[in-house]
Amino acid sequence: MAGWAGAELSVLNPLRTLWLALAAAFLLALLLQLAPAGLLPSCALFQDLIRYGKTKLSGPRRPAVCRAFDIPKRYFSHFYVVSVLWNGFLLWFLSQSLFLGAPFPKWLRALLRTLGATQFPALEMEPKASQMIVGELTLSAFLVLVFLWVHSLRRLFECFYISVFSNSVIHIVQYCFGLVYYVLVGLTVLSQVPMDDKNVYVLGKNLLLPARWFHVLGTMMYLWSSAHQYECHVILSNLRRNKKGVIVHCQHKIPFGDWFEYVSSANYLAELMIYISMAVTFGFHNLTWWLVVTYVFFSQALSAFFNHKFYKSTFVSYPKHRKAFLPFLF
């Protein structure tokens, strides 16, 4: 089993290559923003593709050709509609396989193999110790897929009943990327389930038998991070509501409370912590998911950098001790 795990970690499969490329692209974009002004790309399209919402207002002047591809930022909710449906679909297939022994559909098995799914031949022939480890990996993937689906469901609820969107916009490329992202991330989780040609490890009625301390810790971190993100979105929403909860304006104001006391983009920090909690649930050693976390880190850091810059340039009284994304650091 140890040999198989080491070999599995050493393979740069299509999924890992994709997440690594995305992480590298956002890291490069972030480094370019931190570089002296003279080194920044002058391409208006580049700046338009890495900014969204209010941060487009603080960026360079946008030519008409860029504005022609604007989509309302409130269409963010479509990302979560897709995620709830698609990842709920994947969760149904995984549940059927884990608890009832039903094989994945042929098209899904073929897709997962193409993406580099975890292969573990002849599961029924493995020793008891290896079966236990496979059970841990399977339970981890199941829990993370549940976390992802619940996260999307909560965010969809927030889009409809909590958030107050202004008339800010996103680029159509950013919109399409967001739709594809939630399809891809669900497939990434499912690809971590150990399987042979068509079957996965069957948990049956022994759901908690493979449970380990990192499953408990990851679940606690997920709930903690999700609660903070929800609170942050409520704080942002209340900036545009009166005491009776009625929306009175769509202007930007300085948020206070919860993690906003430390960083400008507390909701982005909570998003990162949610993905880290999933990495913990995978047992810390899942390279594929750490590449996902790395992508989330750099993409959220880039957005947080622009948010911080917007707040500082808009509000003279903006708290000087606040950082953009990481408390006391960045």
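The values are calculated or read from the model by the stated rules, or taken from the named source; none is laboratory data. Predicted model, so just to flag it, every value in this text is computed and none were measured. We place every Cβ from the backbone using ideal geometry, glycine too, and count neighbours over all the protein chains shown. What goes into the accessible areas is simple: the full protein's heavy atoms, side chains included, and nothing from ligands, DNA or RNA. Shrake-Rupley method; radii C 1.70, N 1.55, O 1.52, S 1.80 Å.
Go through the stretch 302-320 and give me each residue that's of a type outside the set (Gly, Ala, Ser) and in contact (Cβ under 8 Å) with a residue 40 or more places away in the chain.
Leu302, Phe305, Phe306, Asn307, His308, Lys309, Phe310, Tyr311, Thr314, Phe315, Tyr318, Pro319
Among the candidates Ala37, Ala24, single out the residue that is open to solvent by 30 Å² or more (accessible area, probe 1.4 Å), modelled with pLDDT of 85 or more and either within 22 Å of Ser313 (Cβ to Cβ) or small (Gly, Ala, Ser) (or both). Lay out the reasoning, then the answer.
Values: Ala37 fails: modelled with pLDDT of 85 or more.
Result of the check over Ala37, Ala24: Ala24.
Among the residues of the stretch 228-265, what is the count of those that are aliphatic (A, V, I, L, M) and modelled with pLDDT under 95? Break it down into steps so the answer makes sense when it comes.
Narrowing the stretch 228-265 to residues aliphatic (A, V, I, L, M): 234-236, 239, 246-248, 254, 263.
Cutting the leftovers down to modelled with pLDDT under 95 gives us 246-248.
Total satisfying the criteria: 3.
Of all residues being outside any helix (DSSP H, G or I) and open to solvent by less than 30 Å² (accessible area, probe 1.4 Å) in the stretch 106-127, which is modelled with the lowest pLDDT? Just the residue, please. Walk me through it before giving the result.
Going through the stretch 106-127, the residues outside any helix (DSSP H, G or I) turn out to be 116-122, 126-127.
Still in the running and open to solvent by less than 30 Å² (accessible area, probe 1.4 Å): 116-118, 120.
On the way: Gly116: 85, Ala117: 79, Thr118: 67, Phe120: 59.
So the residue we want is Phe120.
Would you please name the residue that is nearest to Lys54 (Cα to Cα), looking only at residues in the stretch 235-266 that are open to solvent by 40 Å² or more (accessible area, probe 1.4 Å) and in a helix (DSSP H, G or I)?
The residue in question is Leu236.
Return yes when Val164 is part of a loop (DSSP other than H, G, I, E, B), of a type in the set (A, V, I, L, M, F, W, C) and over 18 Å from Leu217 (Cβ atoms) and no when it is not.
Numbers: part of a loop (DSSP other than H, G, I, E, B): yes; of a type in the set (A, V, I, L, M, F, W, C): yes; over 18 Å from Leu217 (Cβ atoms): yes.
So Val164 fits the description; yes.
I need the full set of residues from the stretch 168-184 which are in a helix (DSSP H, G or I) and open to solvent by less than 20 Å² (accessible area, probe 1.4 Å), in order please. Spell out the reasoning first.
Keep residues of the stretch 168-184 that are in a helix (DSSP H, G or I), which gives 172-184.
Answer for the stretch 168-184, where residues must be in a helix (DSSP H, G or I) and open to solvent by less than 20 Å² (accessible area, probe 1.4 Å): Gly178, Tyr182.
Of the conditions (1) at pLDDT 95 or above; (2) open to solvent by less than 20 Å² (accessible area, probe 1.4 Å); (3) among the hydrophobic types (A, V, I, L, M, F, W, C), Val82 satisfies every one except a single condition; which number is it?
Checking Val82 against (1) at pLDDT 95 or above; (2) open to solvent by less than 20 Å² (accessible area, probe 1.4 Å); (3) among the hydrophobic types (A, V, I, L, M, F, W, C), the one that fails is (2).
Within the stretch 132-142, is even one residue modelled with pLDDT of 90 or more, over 20 Å from Leu208 (Cα atoms) and not charged (D, E, K, R)?
No - not one qualifying residue is present in the stretch 132-142.
Given the conditions (1) closer than 26 Å to Val185 by Cα; (2) free of Cβ contacts under 8 Å to residues at least 40 places away in the same chain, and given that Ser299 satisfies all but one, which numbered condition is not satisfied?
That leaves (2) as the condition not met.
Can you go through Val293, Val280 and tell me which one is open to solvent by less than 20 Å² (accessible area, probe 1.4 Å) and in contact with a Gly (Cβ under 6 Å, 6 or more places away or on another chain)? Can you show your working first?
Numbers: Val293 fails: in contact with a Gly (Cβ under 6 Å, 6 or more places away or on another chain).
Going through Val293, Val280 in turn, just one is open to solvent by less than 20 Å² (accessible area, probe 1.4 Å) and in contact with a Gly (Cβ under 6 Å, 6 or more places away or on another chain): Val280.
For the stretch 62-82, enumerate the residues that are closer than 26 Å to Leu34 by Cβ and either among the hydrophobic types (A, V, I, L, M, F, W, C) or without any contact (Cβ under 8 Å) to a residue 12 or more places away in the chain (or both).
Residues of the stretch 62-82 closer than 26 Å to Leu34 by Cβ: 62-63, 66, 73.
Answer for the stretch 62-82, where residues must be closer than 26 Å to Leu34 by Cβ and either among the hydrophobic types (A, V, I, L, M, F, W, C) or without any contact (Cβ under 8 Å) to a residue 12 or more places away in the chain (or both): just Cys66.
Taking the condition of being among the aromatic types (Phe, Trp, Tyr) and either touching an Asp or Glu at 6+ places or on another chain (Cβ under 6 Å) or within 27 Å of Leu137 (Cα to Cα) (or both), how many residues in the stretch 149-192 meet it? Walk me through how you get there before you give the answer.
Filtering the stretch 149-192 down to residues among the aromatic types (Phe, Trp, Tyr) leaves 149, 157, 160-161, 165, 175, 177, 181-182.
Checking which are either touching an Asp or Glu at 6+ places or on another chain (Cβ under 6 Å) or within 27 Å of Leu137 (Cα to Cα) (or both) leaves us with 149, 181-182.
Qualifying residue count for the region: 3.
Among the residues of the stretch 209-234, write down those that are touching an Asp or Glu at 6+ places or on another chain (Cβ under 9 Å) and in contact (Cβ under 8 Å) with a residue 40 or more places away in the chain. It would help to see each step written out before you state the result.
Within the stretch 209-234, the first condition is being touching an Asp or Glu at 6+ places or on another chain (Cβ under 9 Å), and the residues that meet it are 210-212, 214-215, 225, 228-234.
Listed by number, the residues that qualify are Pro210, Ala211, Arg212, Phe214, His215, Ser225, His228, Gln229, Tyr230, His233, Val234.
Would you be able to say whether some residue in the stretch 40-63 is assigned to a helix (DSSP H, G or I), closer than 13 Å to Ile170 by Cα, modelled with pLDDT under 90 and open to solvent by 70 Å² or more (accessible area, probe 1.4 Å)?
Yes - at least one qualifying residue is present in the stretch 40-63.
Would you be able to tell me the number of residues in the stretch 241-286 that are out of contact with any strand residue (DSSP E or B) (no Cβ under 6 Å at 6 or more places or on another chain) and farther than 22 Å from Arg322 by Cα? Spell out the reasoning first.
Quick first cut of the stretch 241-286, residues out of contact with any strand residue (DSSP E or B) (no Cβ under 6 Å at 6 or more places or on another chain) only: 242-246, 248-262, 264-268, 270-286.
This time we only want the ones that are farther than 22 Å from Arg322 by Cα, so: 242-246, 248-250, 275-286.
Residues in the stretch 241-286 being out of contact with any strand residue (DSSP E or B) (no Cβ under 6 Å at 6 or more places or on another chain) and farther than 22 Å from Arg322 by Cα: 20 in total.
Is there a residue in the stretch 304-322 that is assigned to a helix (DSSP H, G or I), surrounded by fewer than 22 Cβ atoms within 10 Å (Cβ to Cβ) and among the small types (Gly, Ala, Ser)?
Yes, the stretch 304-322 has at least one match.
Return yes or no: is Ser225 at pLDDT below 95 and either part of a helix (DSSP H, G or I) or more than 26 Å from Leu12 (Cα to Cα) (or both)? Write out each step before concluding.
Numbers: at pLDDT below 95: no; either part of a helix (DSSP H, G or I) or more than 26 Å from Leu12 (Cα to Cα) (or both): yes.
No; evaluated as a whole, the condition is false for this residue.
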